[in-house]
Amino acid sequence: MDRLDDAAISTRLGEVPEWRREGDEIRRTVVAPDFRTAIAIVNDVAEQAENLNHHPDIDIRWRRLHLTLMTHDAGGLTEMDFKLAARIDAIAADHGA
């Protein structure tokens, strides 16, 4: 998968406004209503990640999920990162986060 240039990354970030760029990664914090919901979100994200064969870094702190995406093989951000980011956004919304 081809690494995106800065212009493409800026455009794609406009489509996932909850995410912010930090170097060669995009990050988002999801705040779930409670711990059980946070874990349910992680389980749903894991399912999507497996389907796409693209896996985020997830740090769970009670009901806060810190998610980081980048395509390690490409050494930066690719379309796959933004595809998964949009799916994570939808999952979070479905769970009221």
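Residue count for segment 1-21 satisfying the condition of being open to solvent by 80 Å² or more (accessible area, probe 1.4 Å) and under 15 Å from the mean Cα position of the chain (by Cα): 5.
Identification of strands (runs of 3 or more DSSP E) wholly contained in segment 23-97 with 2 or more residues that are free of Cβ contacts under 8 Å to residues at least 60 places away in the same chain and open to solvent by 60 Å² or more (accessible area, probe 1.4 Å) yields 57-61, 64-69.
The values are calculated or read from the model by the stated rules, or taken from the named source; none is laboratory data. What you see is a predicted model; the values in this text were computed from it and never measured. Cβ: placed from backbone, ideal geometry, glycine included. Neighbour counts: every protein chain shown. These accessible areas exclude ligands, DNA and RNA; they are computed on the full protein's heavy atoms, side chains included. Shrake-Rupley method; radii C 1.70, N 1.55, O 1.52, S 1.80 Å.
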